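The block underneath contains the structure these notes are about, expressed in structure tokens.
The values are calculated or read from the model by the stated rules, or taken from the named source; none is laboratory data. Values in this document were obtained by computation on a predicted structure and should not be read as measured data. Every residue, glycine among them, receives a Cβ derived from its backbone with ideal geometry; neighbour counts consider all protein chains shown.
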Amino acid sequence: MAIGIERELRDREAGLRTHVLVSVGSALFTIVSAYGFHDLLANGGPVIRADPTRIAAQIVTGIGFLGAGAIIREGLSVRGLTTAATLWGVAAIGMASGAGYYSAAVFGTVIVILALWPLRALAFRVLERARPEEQRIVVELTGATSDLLAELERRGAKVTHFETAEESDRNVVTLELDQVSEELAAHLADLDYVVGVRWRK
């Protein structure tokens, strides 16, 4: 739930309920796998052999379909990889809880939250300093981001990374290009659907 709340606050594809359901489902599968067939094994004699981890083992690969659904391709960028990873992580936390390994479940939850929050802020600061400012350009537009990317492609500009943020009546797109020039910035500013262009020279 704690991990789901963090994803919910960031308005990601899979939020609170999805993470809780994945973790609870994983815990139940693990409980059934470990204890659900106890009577059968106890009364079946020496002929019956069973692996108590067989059902639980399928969670590791089975959760992949849900994680794949959280991954979204948006233009040249891919979103949802972190959310997919958290779904895989909460499945492991649920399995640890179902197996009664509560210390590992708590420890895993703390590590995931640290990776999503403080570690994200630290990585952002380090990477922001490493990226040359002159290669970043911020474009405010009322049209679709795909139109802007198509226009950059026509101009021969290579987009290495971009992020989008929605405001009241416009989209704010932060782009990292292989090269930014005054001519390109002026051209983007002249487009009908572009409200403004910011570029640190």
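Suppose we filter Gly89, Gly98 for residues that are touching a Phe, Trp or Tyr at 6+ places or on another chain (Cβ under 8 Å) and at pLDDT 85 or above; which single one remains?
One residue alone meets the criteria, Gly98.
Within the group Ala14, Ala34, Ala56, Ala68, which residue is at pLDDT 80 or above, under 16 Å from the mean Cα position of the chain (by Cα) and either in a helix (DSSP H, G or I) or closer than 16 Å to Ser97 by Cα (or both)?
Result: Ala68 is the single residue among Ala14, Ala34, Ala56, Ala68 that is at pLDDT 80 or above, under 16 Å from the mean Cα position of the chain (by Cα) and either in a helix (DSSP H, G or I) or closer than 16 Å to Ser97 by Cα (or both).
Residues to consider are Leu149, Leu175, Leu127; find the one that is more than 30 Å from Leu21 (Cα to Cα) and at pLDDT below 80.
The match here is Leu127.
Kindly provide the set of residues from segment 156-167 that are of a type in the set (S, T, N, Q) and within 21 Å of Arg12 (Cβ to Cβ), ordered by number.
Hit for segment 156-167 is Thr164, nothing else.
Residue-wise test of (1) assigned to a strand (DSSP E or B); (2) surrounded by fewer than 17 Cβ atoms within 10 Å (Cβ to Cβ).
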residue: Gly143; (1), (2): no, yes
residue: Leu148; (1), (2): no, no
residue: Phe162; (1), (2): yes, no
residue: Leu175; (1), (2): yes, no
residue: Val197; (1), (2): yes, no
